[in-house]
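Asks: This is the structure, below, for whatever I ask next.
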Amino acid sequence: MTDVFARILYFIASAIGRLPWPWLRALGDAMARLWLRRGGRESRVAGRNLEMAYPELLPGQREGLQGEILRTTARQALETLRLWTRPHAGNLRMIRETQGEALFDAAIASGRGVIVAAPHYGNWELLNQWLASRTPLAILYRPPDSALGEAFLRRVRADAGDRVTQVRAEAAGIRQLFKRLRDGGVVGILPDQQPKSGDGEFAPFFGVPAYTMSLLPRLAERSGAIVLFAYCERIGDLAFALRIEPAPDEIASGDTMAATSALNAAVERIARRDPAQYQWTYKRYTLRPSLNQYHNPYRDLEGRDPEDRGPSSPG
């Protein structure tokens with residue numbers, strides 16, 4: 001029955017995704033206004049994150065940025081329905097500029113394996129489709145709580161050529177990634193999801209200690225793979241610039257603190273390009289160095305301290 005319901009969800013997503021973009025854009029803007037007016041979860045979390053990451057801004061400046069973030073978040077959700085349910089070849093025409101393709105091609109040609117670090121910036125689903133158009137790859141993802149949610153994600157992220165392998169973030173999946181990298185393959189990871197306690201290191205992110213995955217640095221150091229940062233930056237309505245950049249050498253240094261700090265610094269630099277395109281609606285700072293649940297900065301926003309799994313994505 002799970003697959004049946006996943007197909008039904010896909011049909012609904014496809015119907016929404018095929019609406020004219022001006023309609024979807026207007027719907028997204030209406031969603032953002034509703035979140036802001038009613039103090040929705042997305043609005044509250046984004047507001048708290050901005051208080052922590054941009055303490056130098058005046059309250060009015062933060063409120064303005066918060067509104068931009070909510071509009072971008074809502075539009076992206078509807079934009080992603082289009083990407084998931086339309087032919088990938090057509091989606092890729094939305095990429096109007098490219099930077100760093102030669103760097104990516106050279107990394108693959110080296111035979112060392114490639115780790116693509118793809119922050120929650122711009123539209124990472126379009127990036128996945130571009131990567132799959134160039135090479136087979138494995139994407140690491142944290143499964144949703146429900147079997148239906150996972151079945152739906154597997155369906156929408158599949159590609160016709162079977163060039164994408166979706167790997168669960170668990171021990172067997174990590175071993176699979178090591179093997180793929182040692183065979184010269186390509187692995188995609190979203191590096192800015194908060195890992196489970198025991199699987200990371202506290203490192204500064206926008207000047208605030210953030211529990212940061214040690215997996216990516218460990219993969220890089222042990223496999224010898226080349227690490228690249230990649231993102232599809234929004235430059236207009238349904239228009240993107242693909243950018244691929246080298247990662248700091250420290251990420252593969254073997255020093256966990258130096259590696260996670262370098263990882264966060266690279267993500268922060270990308271996020272600062274256009275803060276409204278970064279996923280500030282995610283509870284990035286839930287775990288604190290004290291490991292005391294009462295220090296969770298989002299606790300008072302919910303009236304409780306739920307575990308935040310974050311977005312279901314390859315990271």
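The values are calculated or read from the model by the stated rules, or taken from the named source; none is laboratory data. Keep in mind that this is a model prediction, so the values were computed, not measured. Don't worry about glycine lacking a Cβ; one is built from the backbone with ideal geometry, like all the others, and counts go over all protein chains shown.
Asks: I need the full set of residues from the range 60-91 which are among the aliphatic types (A, V, I, L, M) and either more than 14 Å from Trp21 (Cβ to Cβ) or touching a Leu at 6+ places or on another chain (Cβ under 7 Å) (or both), in order please.
Replies: Within the range 60-91, Leu65, Ile69, Leu70, Leu78, Leu83, Ala89 meet the criteria.
Asks: I'd like to check something: does the range 79-87 contain any residue that is surrounded by fewer than 19 Cβ atoms within 10 Å (Cβ to Cβ), farther than 30 Å from Leu36 by Cα and among the hydroxyl-bearing types (Ser, Thr, Tyr)?
Replies: No; the residues of the range 79-87 include none that is surrounded by fewer than 19 Cβ atoms within 10 Å (Cβ to Cβ), farther than 30 Å from Leu36 by Cα and among the hydroxyl-bearing types (Ser, Thr, Tyr).
Asks: Give me a count of the residues in the range 161-173 that are surrounded by 14 or more Cβ atoms within 10 Å (Cβ to Cβ), part of a loop (DSSP other than H, G, I, E, B) and among the charged types (D, E, K, R).
Replies: Final tally of qualifying residues: 1.
Asks: Within the range 126-135, which residues are out of contact with any Lys or Arg (no Cβ under 8 Å at 6 or more places or on another chain) and surrounded by 19 or more Cβ atoms within 10 Å (Cβ to Cβ)?
Replies: Leu126, Leu127, Gln129, Trp130, Leu131
Asks: It is to be established whether one or more residues within the range 264-279 are without any contact (Cβ under 8 Å) to a residue 24 or more places away in the chain and over 16 Å from Asp192 (Cα atoms).
Replies: no
Asks: Assess whether Arg112 counts as being surrounded by 20 or more Cβ atoms within 10 Å (Cβ to Cβ), touching a residue at least 12 places away in the same chain (Cβ under 8 Å) and within 30 Å of Ala138 (Cα to Cα).
Replies: Against the criterion (surrounded by 20 or more Cβ atoms within 10 Å (Cβ to Cβ), touching a residue at least 12 places away in the same chain (Cβ under 8 Å) and within 30 Å of Ala138 (Cα to Cα)), Arg112 does not qualify.
Asks: Looking at the range 136-152, which of its residues are at pLDDT 90 or above, of a type outside the set (Gly, Ala, Ser) and either within 17 Å of Met1 (Cα to Cα) or surrounded by 16 or more Cβ atoms within 10 Å (Cβ to Cβ) (or both)?
Replies: Once the filter is applied, which keeps residues that are at pLDDT 90 or above, of a type outside the set (Gly, Ala, Ser) and either within 17 Å of Met1 (Cα to Cα) or surrounded by 16 or more Cβ atoms within 10 Å (Cβ to Cβ) (or both), the range 136-152 yields Leu137, Ile139, Leu140.
Asks: On to the next question. Mind checking which residues of the range 201-245 are touching a Ser or Thr at 6+ places or on another chain (Cβ under 8 Å), under 19 Å from Thr286 (Cα atoms) and either of a type outside the set (A, V, I, L, M, F, W, C) or without any contact (Cβ under 8 Å) to a residue 12 or more places away in the chain (or both)?
Replies: Of everything in the range 201-245, those that are touching a Ser or Thr at 6+ places or on another chain (Cβ under 8 Å), under 19 Å from Thr286 (Cα atoms) and either of a type outside the set (A, V, I, L, M, F, W, C) or without any contact (Cβ under 8 Å) to a residue 12 or more places away in the chain (or both) turn out to be Glu201, Pro204, Tyr211, Thr212, Ser214.
Asks: Looking only at strands (runs of 3 or more DSSP E) that fall completely inside the range 174-224, which ones have 3 or more residues that are surrounded by 20 or more Cβ atoms within 10 Å (Cβ to Cβ) and β-branched (Val, Ile, Thr)?
Replies: So the answer is 186-189.
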